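Okay, so here's the structure we're looking at.
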Amino acid sequence: MAPKDLKPKAEQPVPAGTVEDNDEPDEWDKRINRTGCAEENARLTDCYYEKKDWRACKDEMQKFRDCWKTQGNDKRTDMRDA
């Protein structure tokens, strides 16, 4: 029997800045994986995380854009009149 002052794990707050260790892909992961450009996206976001300046990540951005276009995502996500 657990002491009264300890909450079950599911109810304990997660400290700020803590990332939950979960192997299941969330909605964002599923969506970016469907684009076919998940690897390029990861490189781009890693670059920005390290450098904190998009201008320093031009090569990664171009590779992501090229992948996006090659996979046909530009056509799929193109704005259309409703």
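Quick notes on this structure:
- Rough spin-label spacing in nm, given labels placed 7 Å along Cα→Cβ, for K75 and T45: 2.7
- If R0 is 30 Å, the Cβ-Cβ spacing of N33 and D53 corresponds to a FRET efficiency of close to 0.65.
- Summing charges over all other residues whose Cβ lies under 11 Å from the Cβ of I32, with Lys and Arg as +1 and Asp and Glu as -1, gives -2.
- Which of R76, R55, R43 has the fewest Cβ neighbours within 10 Å, and the rest in rising order: R55, R76, R43
- Dividing the convex hull volume of the alpha carbon atoms of the stretch 25-82 by its residue count gives 107 Å³ per residue.
Bear in mind these aren't lab numbers, they're just calculated from the coordinates by the rules spelled out. Just so it is clear, the model here is predicted, and its values are computed rather than measured. Methodologically, a virtual Cβ is constructed for each residue, glycine included, from the backbone with ideal geometry; neighbour enumeration extends over all protein chains shown.
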